[in-house]
Structures are given as structure tokens and as C-alpha cells.
Amino acid sequence: MDDERAAMDMAAWIERWGEPAVLAMGGLVLGLGFGFFGQRSKFCLRAAVIEFWHRRFGDKLAVWLLAFSTAVVAVQSMILLGWLDVSSARQLAARGSLSGALVGGLLFGVGMVMTRGCASRLLVLSANGNLRALLSGLIFAVTAQASLSGALAPWREAVSRWWVIEGGPSRDLLALVGGGPKVGLLFGLVWMAAALWFAIRSGWSFWKWVGGSATGLMVALAWWFSYQVMAQSFEPVQIQGMTFSGPSAEWLMRVLAEPDKPWSFGLGLMPGVFLGSLAGALIGREWKLEGFGGAYTMPRYIAGAMLMGFGSMLAGGCAVGAGMTGGAVFALTAWVTLVGMWVGGGIADWLIDRPQPQAKLAPTGGAAADLARAP
């Protein structure tokens, strides 16, 4: 009954406001939740990757696993209950590139370590007053757009052609292993148990538990909301999940060249996340204007943002778009991308940030101190 009532309400909203406006409002609301809970829980793939490779298995890994497993469990549960059908989603139905997923994931992983945050984390930190994150986010958006349809597009297309797979069962990881939503749900529950174990080991924290789980729930609800709009729409609407690479490029073009561009879920999502994170920072008294401590750190952030921008478009999504949104529906390319991000992040951390034997003899100021203080 509740599902039927939601469908009726959705149809009424669409008839009154139109699909673009409804999608944008949904993106704004879910973005507010994602930004707020992501800020309060300190949700960050980069931090989780570093904890994993340093074998610390603490609260940062626990938060990411809670968010990821919650997204998987919620999405697969909705599929089992008949509330969601993702078979027509781009991540499953369209042709995909395994070479793009792997190379893009590796590049993105390296970039997020260099900028000290993935695309969604940069947006969250920007709302907290972090000017380093703001600059990195702008460069990320420019590079993403250049990779989509600009100067970098030929390179992206060339790498993507190395290993292409057709859409449908060959891109559905659950279909490839002979499983279905029940297998996906079981997999998510196993990882949720692991996340809870890591969370208990690292100590109780309200925002770790509630914030991490709620962040993942926002990702799952994005799938559900998009599906409801598609099912009740009078015009063709593509089902989509939460991602930040495409919307970043969309906002860039809207500001610079296409102010009349139709509204979309992603265009509503970006300001929603910013405002939600700002609210979280103000409530937690964590808003603080931060800039670069020295000129030596700026090249690192710029290079990292460029790698993330190109890598996300090559892989078909960012840490949230491919890693969580695509991972929750078990798209093969999304899982390849996610593995690439973890490996790329570990390699970058070892090459760039590993402790040096002579560090204790280094002066306390300068670039070394700047990097140590950077979040």
C-alpha cells in the first residue's frame, strides 16, 4: 500500500512539475542527507584505503564498509521485494569497458591519495571551508569535462577500446556467478558483519554507526527514487544512481556555457551535498577556512585532481558512482574499478607518503610540514 501511495504521489509531482524538476528536487534532498551524514561520519574512501594498506583496520575503514554494505543490502533487498529494477541501468545494460574500468580505477586511486579525498569528499570538505579541496574539485570538474567531450576525449576513447564487453548478463557479476539478488544480499550482510566487527574494535561512536549507515542508505535511495520517476514518467527517463563525476562536469558547463540546460538528478545532488555538509560542519563546530600552507603542496593537488577527473570518466564513475552505486548493483565494471581504486590508492600512498628514513633530520617547516598538516 505504501509503495502504491508513493507511486501515486510521484506521478502527481511529475504531472505538476515535470520530470527534470522532480529529479532535481530528489537529488537535492538525497544530497542533503549524503552531505550531512558523510560529513559527520568522516566518510572517505581514501582514508579507508590507507588504513587497510597500513593494516590498522580502524574507524575509517569501518565507516566506509558500513556505508558500502548498507548500500548493497538496501539495494538488493529492494530488488527482492519488487521495489526496484536495475536491469535497464547504464551500468548493466550498456556496453562497458573493462580496460577503462581498470586503468581508470588505478588513476583515480592515485589521484584521490594525492588530493587527500575522492570527488565526493572534496565537495564535502569544500563546504567545510577547505580551499585546497575547492581548488581540487574545480580542476576535477574541468578535467572530467575535457575527458568527456574535450581535448582528453580521444585518449579516453582509445583506452576504453582495448577491452570492451557487451551489456546484459556479461556485465552482471551476479549473473556471471550464477546467483541473483539473494546472493547479493548475503554478500552485503557478510560485509556488514565485518564492518560492525571493525567498528566495535575501534570503539563506539554515534556518528560512525549512524552516519556511516545513513550515507550508504542515501546511495540506495537514489536508485529507488530514480526508478520511481522512470516508472511513473510520461517521457523516457534513464534510471540512474548517485555519482559525482558527471554532475561536476554538468555544473561546469551550466555555469560557463549552458545556463538553460535542463535540470537533472545530478544537478540537484551537488548543491544538496554542499549544503548538507555545511550544516554538519556548523552543527559540529568544524567549519574552518583553510588554504595551502605553502606553494610546494599545490602541484600535488592539481596533478591528483587531473588524474581523478580523467580516471573517473574513463572508469564510468567516481568512488561513489562506480564504487558504491555500481557496486551495489554488482556491475562487473564497477567492481573492477573499485579494486583498481584500492590498488592505485595503496601504490600512491607507498610511493608518495611512506615515511622516509631521513624524515627525522628534515626541518620542521616547508613542504614536509605542509603535507603533514593537510587533511
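The values are calculated or read from the model by the stated rules, or taken from the named source; none is laboratory data. All values derive from a computational prediction rather than experimental measurement. Cβ placement follows ideal geometry from the backbone for every residue including glycine, while neighbour counts extend to all protein chains displayed. Surface accessibility is based on the protein's heavy atoms, side chains included, excluding ligands, DNA and RNA. Shrake-Rupley method; radii C 1.70, N 1.55, O 1.52, S 1.80 Å.
Quick check, is K288 in a loop (DSSP other than H, G, I, E, B), open to solvent by 50 Å² or more (accessible area, probe 1.4 Å) and touching a residue at least 40 places away in the same chain (Cβ under 8 Å)?
Considered against the rule, which asks whether it is in a loop (DSSP other than H, G, I, E, B), open to solvent by 50 Å² or more (accessible area, probe 1.4 Å) and touching a residue at least 40 places away in the same chain (Cβ under 8 Å), K288 comes out as yes.
Can you pull out every residue in region 315-339 that is open to solvent by less than 10 Å² (accessible area, probe 1.4 Å) and more than 20 Å from F187 (Cα to Cα)?
Within region 315-339, G317, C318 meet the criteria.
Only one of W64, W83 is within 25 Å of I139 (Cβ to Cβ) and among the aromatic types (F, W, Y); which?
Just one listed residue meets the conditions, W64.
Which of (1) touching a Phe, Trp or Tyr at 6+ places or on another chain (Cβ under 9 Å); (2) open to solvent by less than 40 Å² (accessible area, probe 1.4 Å) does R300 not meet, given it meets every other one?
Going through the list (1) touching a Phe, Trp or Tyr at 6+ places or on another chain (Cβ under 9 Å); (2) open to solvent by less than 40 Å² (accessible area, probe 1.4 Å), R300 breaks only (1).
Residues checked against (1) within 18 Å of S136 (Cα to Cα); (2) among the hydroxyl-bearing types (S, T, Y); (3) at pLDDT 95 or above:
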{"site": "M306", "(1), (2), (3)": "yes, no, yes"}
{"site": "F310", "(1), (2), (3)": "yes, no, yes"}
{"site": "V343", "(1), (2), (3)": "no, no, yes"}
{"site": "L351", "(1), (2), (3)": "no, no, no"}
{"site": "Q358", "(1), (2), (3)": "no, no, no"}
{"site": "R373", "(1), (2), (3)": "yes, no, no"}
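Considering (1) over 25 Å from L84 (Cβ atoms); (2) at pLDDT below 90; (3) surrounded by 15 or more Cβ atoms within 10 Å (Cβ to Cβ), say which one L152 fails and leave the rest.
(2)
Consider only pairs whose beta carbons are under 7 Å apart and that are at least six residues apart or on different chains; among these, list those whose first residue lies in region 41-57 and is of a type outside the set (A, V, I, L, M) and whose second residue is in a loop (DSSP other than H, G, I, E, B).
From residues that are of a type outside the set (A, V, I, L, M), the pairs are C44/G117; R46/R116; R46/G117; R46/C118; E51/F57; E51/G58.
A quick yes/no check of all residues on (1) open to solvent by 40 Å² or more (accessible area, probe 1.4 Å); (2) farther than 17 Å from G35 by Cα; (3) among the basic types (K, R):
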{"position": "L176", "(1), (2), (3)": "yes, yes, no"}
{"position": "T215", "(1), (2), (3)": "no, no, no"}
{"position": "A222", "(1), (2), (3)": "no, no, no"}
{"position": "F225", "(1), (2), (3)": "no, yes, no"}
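The conditions are (1) outside any helix (DSSP H, G or I); (2) open to solvent by 60 Å² or more (accessible area, probe 1.4 Å); (3) without any contact (Cβ under 8 Å) to a residue 24 or more places away in the chain, and E157 fails exactly one of them. Which is it?
(1)
Scan region 242-280 for residues that are modelled with pLDDT under 90, outside any helix (DSSP H, G or I) and either open to solvent by less than 50 Å² (accessible area, probe 1.4 Å) or of a type in the set (A, V, I, L, M) (or both) and report the count.
Residues flagged as modelled with pLDDT under 90, outside any helix (DSSP H, G or I) and either open to solvent by less than 50 Å² (accessible area, probe 1.4 Å) or of a type in the set (A, V, I, L, M) (or both) within region 242-280 amount to 2.
Do any residues in region 200-220 that are among the charged types (D, E, K, R) have Cβ atoms under 9 Å from those of residues that are open to solvent by less than 40 Å² (accessible area, probe 1.4 Å), where the two are at least six apart or on different chains, and which pairs are they?
What qualifies is R201/G58; R201/A62; K208/S41; K208/A62; K208/V63; K208/L66; K208/A199.
Which of the residues belonging to region 114-142 are hydroxyl-bearing (S, T, Y) and open to solvent by 10 Å² or more (accessible area, probe 1.4 Å)?
Correct list: S126 only.
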